[in-house]
Amino acid sequence: MHVDHRGQGLGKRLIKELISKAEENSVTRVLVGSSNKRWKQTARFYDELGFNMWYVQMYK
């Protein structure tokens, strides 16, 4: 998401709506992936939405 739009709750509203629609269609699991330098903030974002860490990959 562009920096000008961060912190307004749009991403959380979008994810919540997508999960709601998935549940309406009997989807029981949701998996997200992200690759970016802001991984700690990204992990916190999904943690706040009830996601749990499942896999970590490191590089050098």
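Within region 3-15, can one find any residue that is touching a Ser or Thr at 6+ places or on another chain (Cβ under 7 Å) and not acidic (Asp, Glu)? No - not one qualifying residue is present in region 3-15.
For region 4-30, the candidate set comprises residues that are among the polar types (S, T, N, Q) and under 15 Å from Gly50 (Cα atoms); within that set, the residue that is modelled with the highest pLDDT is Ser20.
Pairs linking a residue in region 1-24 that is outside any helix (DSSP H, G or I) to a residue that is at pLDDT 85 or above, with Cβ atoms under 6 Å and 6 or more positions apart or on different chains, are Met1/Gly11. Apart from one condition, Gly50 fits all of (1) in a helix (DSSP H, G or I); (2) surrounded by 10 or more Cβ atoms within 10 Å (Cβ to Cβ); the exception is (1). Quick one: would you say Arg44 is at pLDDT below 90 and surrounded by 10 or more Cβ atoms within 10 Å (Cβ to Cβ)? No; evaluated as a whole, the condition is false for this residue.
For Lys37, the requirement of being outside any helix (DSSP H, G or I) and among the basic types (Lys, Arg) is met. Here Val30 meets each of (1) out of contact with any Gly (no Cβ under 8 Å at 6 or more places or on another chain); (2) assigned to a helix (DSSP H, G or I) with one exception, condition (2).
The values are calculated or read from the model by the stated rules, or taken from the named source; none is laboratory data. Everything numeric in this text was worked out from a predicted model, so none of it was measured. A quick note on method: Cβ atoms are made from the backbone with ideal geometry, for glycine too, and the neighbour counts reach across all protein chains shown.
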